[in-house]
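Where a number appears in this text, it was derived from the coordinates with a stated rule and is not lab data. Treat the numbers as computed from the prediction; the structure is a model and nothing was measured. Cβ coordinates were reconstructed from backbone atoms using ideal geometry, including for glycine residues, and neighbour counts include every protein chain displayed.
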């Protein structure tokens, strides 16, 4: 008997890929043959190929919210990506498509709709991004993570599921994380983990280095600074990495507090493992403001403190990190009152429901 196929798509940042990866064990339990569609050079390719999934690349363009000549040239890339997606639909004959967003996903969703293949979309942020806005009319169901998102989605399609979190993040070993970072076994200082997102964050990196002399008086620091973000030199109690892959669960496990951007994926991962967060969201000058909304939601629920990027200095970072550490039990208690934070089962239930129709 031929296995039914599911196509996963999404790319551009790790936040558009890791929730897809989180679904893999339970999708396999459903007996589905899983394929992935992404770009040829996007970061999704490396992340997905490590899982062993069949990977299919298509052309993708980006539609910007501001005037740029590339908006015109990228239309041809999008059109070619749509044609490639049509060919893949004919070749693979999927029973369902699951999209995590990013601009590579739009041609895939449109092609699936053209062949009447049911599509499930997941929106991580409080308000839908442009790629998902362009895909929503063609989807059967839209899963979402924040209660505030409900008002932005069609009532007949929306399903609040939460955000899928990789199971391995729940099994981190703090001692292994400390060893990986080279921290002394007899050094009992608490640990700050700084993570600027999969693409890094130069302003956060600069503030950390400005504050480093003061921070290491009280903390060990693991700094995940993004590609090209490492600074020369070493210092006792401070380690830096451009990117952390398989060791990330152990890095998170050893953290007493985490300093982070406010992308939805990392927020729900940190919520799942009960880590107090100091959030430095991207402002509206550099984004559509989704991180600010995400951060405000988590602050309101008591999970996090916010430090605005406009206020970010070495001194402000030091003061806020120390305050968060002092208040950590309050934030952990708030997170522990949350019943379910891993959306894997919710999303799988939506997918399974459509497959049974």
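Summary table below
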quantity: Helix 344-355 axis, angle to the chain major axis (alpha carbon atoms, nearest 10°); calculated: 0
quantity: On Cα atoms only, tilt of 202-215 relative to the major axis of the chain in degrees; calculated: 20
quantity: Distance between modelled label sites at residue 337 and residue 231, nm, 7 Å Cα→Cβ extension; calculated: 3.9
quantity: Stretchable slack from residue 242 to residue 187, in nm (0.36 nm times residue separation minus alpha-carbon distance); calculated: 17.4 nm
quantity: Pair residue 156, residue 310: separation of 7 Å Cα→Cβ label points (nm); calculated: 4.3
quantity: Equivalent ellipsoid semi-axes, segment 12-160, via Cα gyration tensor eigenvalues times 5, rooted, Å; calculated: 21, 21, 15
quantity: Highest average packing first - 28-37, 238-247, 100-109, Cβ atoms within 10 Å; calculated: 100-109, 28-37, 238-247
quantity: Rg to Rh, two decimals, where segment 206-357 supplies the alpha carbon set and Rh follows Kirkwood; calculated: 1.01
quantity: Directionally averaged shadow of the chain, computed from the convex hull of its alpha-carbon atoms, nm²; calculated: 18.1
quantity: Hypothetical label at residue 323: residues of segment 254-284 whose amide nitrogen lies under 13 Å (7 Å Cα-Cβ projection); calculated: 278-279
quantity: Gap separating the Cα centres of segment 70-130 and segment 193-251, nearest whole Å; calculated: 35
quantity: Alpha-carbon Debye profile of segment 247-330, log10 I(q)/I(0) at 0.13, 0.16, 0.21, 0.23 Å⁻¹; calculated: -0.38, -0.58, -0.99, -1.15
quantity: Per-pair calculated FRET efficiency, R0 = 35 Å: residue 175 and residue 29 via Cβ, rounded to 0.05; calculated: 0.65
quantity: With Cα atoms, 0 to 90° folded angle of helix 105-114 axis to the chain main axis; calculated: 20
